[in-house]
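Everything below concerns the one structure shown next.
Nothing in this text is a laboratory measurement; each read-out follows from the coordinates by a stated rule. Since we're looking at a predicted model, the values are computed, not measured. All Cβ positions, glycine included, derive from the backbone under ideal geometry; neighbour counts span all protein chains shown.
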Amino acid sequence: MQFKHILLAVLVTLVWGLNFVAVKWAVVDFPPLTANAIRFLIVFCFFAPFFKIVKGRMKILLAAAITLGVLHFGFVFWGMKLSGGVGAVAIASQLAVPFSTLLAIIFLKEAVGWKRIAGIAISFGGVMVLGFDPAVFSYIDGLLVVIGSAFLYAVSAIFMRFLKDVPAMTTQAWVGLAGTVGSIVLSLLFESNQVAAVTEATSLAWGGVIYSAIGSSIVGHGLANYLFTKYEVSVVSPYFLLMPLFAILAGVIILDEEITSRMLMGGMLTVLGVLIVTLRNKQKHSNIATSIDE
């Protein structure tokens, strides 16, 4: 990668790392699903010009949009509402990579070697170390919800593999619409006092929601998609492993959180495992490309 593109990749991870703090601010005043609905309403308004029906692709497109916009991000906001800190949940969110690999093995019949299996085991072991940290165990329910969000992201990634012919902006528009409508419906079913929350929310909570929409979804994912047009996903993805580091630093600097030795150990194990899986995925794709060229 060119140096300027490496800087862009690092900027994306910084934007996504800060998003955990933004979401934490948002759910202080907003119910989680209400916050998610507002976030994706902003996203949809931005991508509305690219919204269109994609003939022959609507079933898989809707499945991807609902899984990503409603379920994955709904779980993220819910998990942050339950969690006492951002560092541990940011680390747990990295399980999306091994989850994606496991789902690809099961549903796409991808072959896997012992190194990727070891990477998956190490990453899950790291999260288990996190879970038994007394500081994290106090909000283990939040950690489990965020792990669920990582799994849902992996499911959406499987759907996205079948949408490579659909423009990214159009996909984002559908995710925005699904995230808005789906979250409103679920909020009406499971939450209360939404109107009071919206009218009485502080500027910090509103800033958190707006940052999550513009910073994370529009700017962050926009830059990531730009990088993916320049390089293979397996080339760009390793840089995104810096995201938990930025989230932890943001938690310490902005939210005055403490870092325990067990959190550091669990974080290093998780990131190491994810790195192994990511690099092995990269090597596998490189080998396939070489075989095709030959």
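Observations, loosely collected:
- Summed side-chain charge close to residue 123 - residues other than residue 123 whose Cβ falls under 15 Å, Lys, Arg +1, Asp, Glu -1: +3
- Each label point was placed 7 Å from the Cα along the Cα-to-Cβ direction; for residue 53 and residue 202 their separation is 4.7 nm.
- For the chain, averaging the sequence separation of C-alpha pairs within contact (under 8 Å, six or more residues apart) and dividing by the residue count gives a relative contact order of 42 percent.
- In this simple spin-label approximation, residue 141 and residue 258 carry label points 7 Å from Cα along the Cα→Cβ vector, and these lie 2.3 nm apart.
- Peptides ranked, highest mean first, by Cβ atoms within 10 Å: ranges 168-175, 135-142, 1-8, 110-117: 168-175, 135-142, 110-117, 1-8
- Gain on full stretching of the segment that runs from residue 210 to residue 161 - 0.36 nm per residue minus C-alpha separation: 14.8 nm
- When the listed pairs 55/164; 52/164; 24/230; 4/230; 115/164; 24/59 are checked against a 23 Å cut-off, the alpha-carbon distance exceeds it for 24/230; 115/164; 24/59.
- Using a Förster distance of 35 Å, the FRET efficiency for residue 223-residue 192 (Cβ separation, nearest 0.05): 0.40
- Sequentially through the range 21-26, phi angles give Karplus couplings (6.51, -1.76, 1.60; θ = phi - 60°) of 5, 4, 5, 4, 5, 5 Hz, Gly and Pro residues having no value and appearing as x.
- Net charge in the neighbourhood of residue 32 (other residues with Cβ under 9 Å of its Cβ; Lys, Arg +1, Asp, Glu -1) is 0.
- Calculated mean residue ellipticity, 222 nm, the chain: -24000 deg cm²/dmol, from DSSP H runs (n ≥ 4) at -39500 (n - 2.57) each, averaged per residue and rounded to 500.
- ³J(HN,Hα) computed for each position of the range 104-116 - Karplus, 6.51 cos²θ - 1.76 cosθ + 1.60, integer Hz, glycine/proline x: 5, 5, 6, 9, 9, 6, 6, 7, 9, x, 5, 5, 5
- When peptides 55-64, 186-195, 239-248 are sorted by average Cβ neighbour count within 10 Å, with the highest value leading, the order is 239-248, 55-64, 186-195.
- Summed residue charge, Cβ within 14 Å of residue 178's Cβ, Lys/Arg positive, Asp/Glu negative: +2
- Packing order of peptides 203-210, 158-165, highest average first: 203-210, 158-165 (average count of other Cβ atoms within 10 Å over each peptide's residues).
- You can think of it this way: the chain between residue 107 and residue 1 has 35.0 nm of extra reach, that is 0.36 nm per residue less the Cα-Cα gap.
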